[in-house]
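Taking it in order: structure first as structure tokens, then the write-up.
The values are calculated or read from the model by the stated rules, or taken from the named source; none is laboratory data. Every value quoted in this text rests on a predicted model; they were computed, and no experiment measured them. Neighbour counts run over all protein chains shown; Cβ positions are idealised from the backbone, glycine included.
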Amino acid sequence: MNGYRKSICFVIPHYVTFSTGGAEIQVHYLANAFLKMGWQVEVVCAGVGHEKEILESEYLNENIKYFYYKKRTIRSLEFWDVLKVLKKTQSHYYYQRTDFAITAATYWYTKSNKKKMIYALANDGDAHKNKYSLYFKDYVYTSLLKKWIRKIDFFLLDKMVEWAKKNVPLVVCQNQSQLKDYKNNFGTQGIIIPNSFELKEAIHEEKQNVILWVGNNNPLKQPQIFVEIAKRFGMYRDWHFVMLGSAREAISMSNLPHNMSVLGEVSYSEANKWFSRASVFINTSSSEGMPNTFIQSWYFNVLVFSLSVNPNHIFDEINAGFCFDNDIEKMCEALVSYIEGKDAETQLINGKQYFNQHFNLNTNVETLINYIHS
């Protein structure tokens with residue numbers, strides 16, 4: 001394969017140099033893996049305004065060529081900003097993850113310039129129609145004008161994104177549900193390539209009575225549920241609830257229970273240390289693909305409690321944790337049982353085995369390369 005084709009550009013709203021979400025970490029893993037294999041790697045992201053943070057980031061890689069656009073309040077307008085930036089890139093393959101107007105801009109650019117685009121779903125909602133119009137009701141608006149501007153913005157986003165999703169040639173899903181829904185809604189048969197996990201250096205932290213929650217301020221994450229659960233467990237003074245991530249912005253800090261700490265955004269390495277310490281991880285999201293937090297939990301032998309998310313029915317089929325079908329009462333009952341001494345060794349062993357079988361970075365990158373060359 002010639003050098004021209006060994007070039008890939010990752011297009012994503014945020015990147016690890018200034019954000020540590022799951023999608024950002026996954027793209028970071030892929031970018032480094034492609035670099036090691038001798039590929040030219042570019043990254044397009046909304047880095048304008050984060051320049052100082054980026055320059056100080058441990059993840060800034062001099063071997064990657066970065067291009068930045070500005071995140072806009074009216075998200076549909078980013079189409080033109082991203083398109084302008086894409087014209088400066090020189091890759092043959094364009095891997096786009098986490099949809100917004102950048103999905104449509106990337107498809108437009110690759111189709112117009114005879115490049116090849118890969119669209120990678122970040123969560124289950126990416127396989128559905130009217131995604132942003134459905135999000136509209138989850139936001140609070142300070143005026144009627146702002147409400148209508150946002151409604152129009154999300155309507156345009158849906159049309160842009162769905163146009164691209166119906167036409168993009170290569171689609172990477174995380175689970176069977178995404179694969180099926182994407183085929184039904186957009187007509188394209190994708191491929192499943194699981195998320196990956198890799199540590200820069202070993203972490204050894206002593207296990208503590210910590211119940212962990214990690215997530216951003218996306219309404220789908222439902223961080224307020226974790227706060228309510230913590231309030232119910234105030235009598236267990238030896239146990240502590242810890243929340244990490246930008247979801248801190250979405251909860252009231254004035255009414256936290258005594259047994260809870262909200263640390264906000266931390267580095268990815270610091271987050272891994274918390275997984276290494278934790279005994280239980282709680283996921284309260286209404287929808288996700290294959291959460292990085294599940295993968296980290298299985299790697300670090302943390303018992304997974306999921307309120308609703310059950311990718312590939314793993315909790316039913318291989319017993320790698322517990323899913324409660326959106327029943328908070330059942331989740332709390334199970335947590336009480338665990339705290340009071342119920343054994344979970346089977347779930348921890350199954351989780352570790354599942355991790356070893358599915359989340360190897362080298363294997364997943366090889367699958368991706370074979371797919372984009374098909």
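Does Gln189 fit the bill of being assigned by TED's automatic domain parsing to the domain that holds Lys137, in contact with a Leu (Cβ under 6 Å, 6 or more places away or on another chain) and under 30 Å from Asn356 (Cβ atoms)?
Answer is no for this residue.
Between Phe241, Phe197, Phe226, which is among the aromatic types (Phe, Trp, Tyr), under 17 Å from the mean Cα position of the chain (by Cα) and either surrounded by 15 or more Cβ atoms within 10 Å (Cβ to Cβ) or within 26 Å of His28 (Cβ to Cβ) (or both)?
It is Phe197.
Considering every residue within the range 277-297, establish whether at least one is surrounded by 23 or more Cβ atoms within 10 Å (Cβ to Cβ) and aromatic (Phe, Trp, Tyr).
Yes; the residues of the range 277-297 include at least one that is surrounded by 23 or more Cβ atoms within 10 Å (Cβ to Cβ) and aromatic (Phe, Trp, Tyr).
Which residues, taken from the range 45-75, are touching a Pro at 6+ places or on another chain (Cβ under 8 Å) and either crowded, with 18+ Cβ neighbours inside 10 Å or not in a loop (DSSP other than H, G, I, E, B) (or both)?
Those that are touching a Pro at 6+ places or on another chain (Cβ under 8 Å) and either crowded, with 18+ Cβ neighbours inside 10 Å or not in a loop (DSSP other than H, G, I, E, B) (or both): Cys45, Ala46.
Which fully enclosed helices (runs of 4 or more DSSP H) of the range 237-336 have 3 or more residues being in contact (Cβ under 8 Å) with a residue 24 or more places away in the chain and closer than 17 Å to Val214 by Cα?
Once the helices (runs of 4 or more DSSP H) in the range 237-336 are filtered for at least 3 residues that are in contact (Cβ under 8 Å) with a residue 24 or more places away in the chain and closer than 17 Å to Val214 by Cα, what remains is 268-277, 292-299.
Output the number of the condition that Lys137 fails; it satisfies all remaining conditions of (1) part of a helix (DSSP H, G or I); (2) more than 19 Å from Pro219 (Cα to Cα).
Going through the list (1) part of a helix (DSSP H, G or I); (2) more than 19 Å from Pro219 (Cα to Cα), Lys137 breaks only (2).
Check off (1) surrounded by fewer than 19 Cβ atoms within 10 Å (Cβ to Cβ); (2) in contact (Cβ under 8 Å) with a residue 40 or more places away in the chain for Asn184 and give me the number that stays unchecked.
(2)
Does Glu78 satisfy the condition of being out of contact with any strand residue (DSSP E or B) (no Cβ under 8 Å at 6 or more places or on another chain), without any contact (Cβ under 8 Å) to a residue 40 or more places away in the chain, over 23 Å from Asn195 (Cβ atoms) and crowded, with 22+ Cβ neighbours inside 10 Å?
yes
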